[in-house]
1. Of all residues in region 6-33, which are over 12 Å from residue 67 (Cα atoms), out of contact with any helix residue (DSSP H, G or I) (no Cβ under 8 Å at 6 or more places or on another chain) and outside any helix (DSSP H, G or I)?
2. Checking the structure you have, find out if any residue of region 42-52 is outside any loop (DSSP other than H, G, I, E, B), in contact (Cβ under 8 Å) with a residue 60 or more places away in the chain and at negative phi.
3. Under the condition of being out of contact with any strand residue (DSSP E or B) (no Cβ under 6 Å at 6 or more places or on another chain) and buried (at least 16 other Cβ atoms within 10 Å of the Cβ), which residue from region 75-90 is modelled with the lowest pLDDT?
4. Go through region 53-99 and count every residue that is in a strand (DSSP E or B), over 9 Å from the mean Cα position of the chain (by Cα) and within 18 Å of residue 24 (Cβ to Cβ).
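The values are calculated or read from the model by the stated rules, or taken from the named source; none is laboratory data. If you're wondering where the values come from, they're calculated on a predicted model, not measured in any experiment. All Cβ positions, even for glycine, are placed from backbone atoms using ideal geometry, and neighbour counts span all protein chains on display.
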């Protein structure tokens, strides 16, 4: 599956950054009519999976003390949404980290 990867720099601790971006990820999922979000927390990271338009989409968010990265595995049939997905993730993460 093709991968979308977005990294956004920040000046927070990894834990704080991860806490701040969780609502942004939830918003991004809702923006794409996503539902049934499942999250598995890790050490300064979280794996996630949700359904959108009959697709199951999975990914991971990882935080360090300097940036946060979101990787999303898109099904081939959803490739037409790749650029839109990257822009939405970047915008929502940036807003969350700046607030």
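1. Listed by number, the list holds a single entry, 33.
2. Within region 42-52 (the criterion being outside any loop (DSSP other than H, G, I, E, B), in contact (Cβ under 8 Å) with a residue 60 or more places away in the chain and at negative phi), the answer is no, since none of the residues qualifies.
3. Here the residue is 81.
4. 6
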